[in-house]
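Peer 1: Just passing along the structure, written as structure tokens.
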Amino acid sequence: MSAPTDLQQSLSELLGDARLVACSLPGTALRLWLIDAHNMDRAFTPEETRRILHEPPYWSFCWASGLAMARYLAAQPQWVAGKRVLDFGAGSGVAAIAAARAGRWKWWPATLIRWRWRPAGRMRRSMGWNWVTARISSPRAIVST
């Protein structure tokens, strides 16, 4: 299975030889498109380092904290069932996806990079892949609800 073209293109603009791979997350029923760590086992050029620091590809990693939260919500869905959930600093969106699958009422994955809100558009692919309807909101919508 090949990565969605828009996601792969976004990553390739940052790191030309980087590849996304389909990953099943251990201890969950979730899957994400994540950066292939074996492919990135090399030194980065100064230009690549600059691009990474300017706009880090948080969405292409599943952070341990997000995975731990996803596992917890799968085991304890009552913590979010019928509630509003904000996954701030969502990265790959794994905690938001887990909350959505656990029966949340409303949820928002949100990422703030270099003091600019980034809608979680890159997470949409992983959300749909995990049978979750994407509900992406702006900070104003989050504050006003």
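The values are calculated or read from the model by the stated rules, or taken from the named source; none is laboratory data. Predicted model, so just to flag it, every value in this text is computed and none were measured. Neighbour counts run over all protein chains shown; Cβ positions are idealised from the backbone, glycine included.
Peer 1: Here are Ala43, Ala22, Ala3: which of them is among the hydrophobic types (A, V, I, L, M, F, W, C) and exposed (fewer than 12 other Cβ atoms within 10 Å of the Cβ)?
Peer 2: Testing whether each residue is among the hydrophobic types (A, V, I, L, M, F, W, C) and exposed (fewer than 12 other Cβ atoms within 10 Å of the Cβ) leaves just Ala43.
Peer 1: While we're here: May I ask you to say which residue of Ala81, Ala96 is touching an Asp or Glu at 6+ places or on another chain (Cβ under 9 Å), of a type in the set (A, V, I, L, M) and at pLDDT below 85?
Peer 2: Ala96
Peer 1: Looking at the stretch 44-53, can you tell me whether even one residue there is in contact with a Leu (Cβ under 9 Å, 6 or more places away or on another chain), within 15 Å of Ala18 (Cβ to Cβ) and polar (S, T, N, Q)?
Peer 2: Taking every residue of the stretch 44-53 in turn, none turns out to be in contact with a Leu (Cβ under 9 Å, 6 or more places away or on another chain), within 15 Å of Ala18 (Cβ to Cβ) and polar (S, T, N, Q).
Peer 1: Could you tell me whether Trp79 is closer than 28 Å to Gly16 by Cα and among the aromatic types (Phe, Trp, Tyr)?
Peer 2: Answer is no for this residue.
Peer 1: Additional query: Where in the stretch 4-102 are there helices (runs of 4 or more DSSP H), lying wholly inside it, with at least 2 residues that are without any contact (Cβ under 8 Å) to a residue 60 or more places away in the chain and over 15 Å from the mean Cα position of the chain (by Cα)?
Peer 2: Output list reads 5-14, 46-54, 64-75.
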